[in-house]
Amino acid sequence: MIKKILFLHGFFASGSCIPAQALRQAFASKAEVLTPDLPLHPKEALAFIEDICQQEKPCVLVGNSNGAFLAQIVASRHGLPALLGNPYLEMTCFLIERIGEHEYKSPRTDGYQQLVINQLLIDEFAEVQAHQWDAYRPELDNRIWGLFGENDHLAHFEPLFLQHYTHTYHFPGAHTPTAEEVREYYVPLVEKLYTTTL
């Protein structure tokens, strides 16, 4: 039975972003990498991710930035292995500075490239953020790993991650990994996660 990996993209990205493409290519002969476009609103996104997990039974979650924030919540709830790349664990800080209209940085399958950050969205993220550790339990420590870019100038949440988990890794990149960084740093950790935690 072919393994499935679920990749969750960052806030301004989509399922066609460079890290998603790089993961799909790297695992082409080993696993099916699912890279859906996530809903903008976090509660809707969490329900969407949980539906995919129920239907597709991925063996590991891989998230970047906001996708890693969401991955931690879902992985904790369901006991799934997860690699959290530069997790943006306080998304409200990110959003408050960016109120207004924006465009997604990579194409979405629904064709909608516009998004709006408003107070309603920030409030919803605040609520989810306040409860992001609710399903945390110490036995998940071996299953949820963090990967942090040494030149990430956006998210600085390794200390917060380390309040809950102990497995942290580093790569010499920025907030969004390049295709080469995904191949060199993400892929080996994903392989290690799904072979050592199953």
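Any read-out appearing in this document is the output of simple, stated calculations on the displayed coordinates, not a laboratory observation. Keep in mind that this is a model prediction, so the values were computed, not measured. Ideal geometry is used to build each Cβ from the backbone, glycine not excepted, and the neighbour counts take in all protein chains shown.
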Exercise. If you build the Cα gyration tensor of the chain and take the root of 5 times each eigenvalue, what three semi-axes come out, in whole angstrom, biggest first?
Worked result: 23, 19, 17
Exercise. Just in segment 96-141: which trypsin sites (Lys or Arg not before Pro) are loop by DSSP and have at most 14 other Cβ atoms within 10 Å?
Worked result: Arg98
Seminar exercise, completed: Using alpha carbon centers only, segment 135-198 is separated from segment 39-86 by a whole-angstrom value of 14 Å
For this session: Take every Cα pair under 8 Å in segment 3-196 that's 6+ residues apart, average their separations, divide by the length, and report that relative contact order as a whole percent.
Result: 24 percent
Exercise. What percent antiparallel are the DSSP beta bridges of segment 3-196, to the nearest 5?
Worked result: 15 percent
For this session: Please work out the Kirkwood hydrodynamic radius for segment 132-198, using every pair of different C-alpha atoms, and report it in angstroms with one decimal place.
Result: 13.0 Å
For this session: Multiply the residue gap between Gln25 and Asp134 by 0.36 nm, knock off their C-alpha separation, and tell me the result in nm, one decimal place.
Result: 35.8 nm
For this session: Filter the GluC sites (Glu not before Pro) in segment 117-198 down to the DSSP loop ones having no more than 10 other Cβ atoms within 10 Å, then list what survives.
Result: Glu150
Exercise. For segment 6-99, which GluC sites (Glu not before Pro) are both in a DSSP coil and crowded by at most 13 other Cβ atoms within 10 Å?
Worked result: Glu97
Seminar exercise, completed: Of the convex hull enclosing the alpha-carbon atoms of segment 24-113, the direction-averaged projected area in nm² is 6.7 nm²
Seminar exercise, completed: per DSSP, antiparallel bridges as share of beta bridges in segment 100-172, % nearest 5, sits at 50 percent
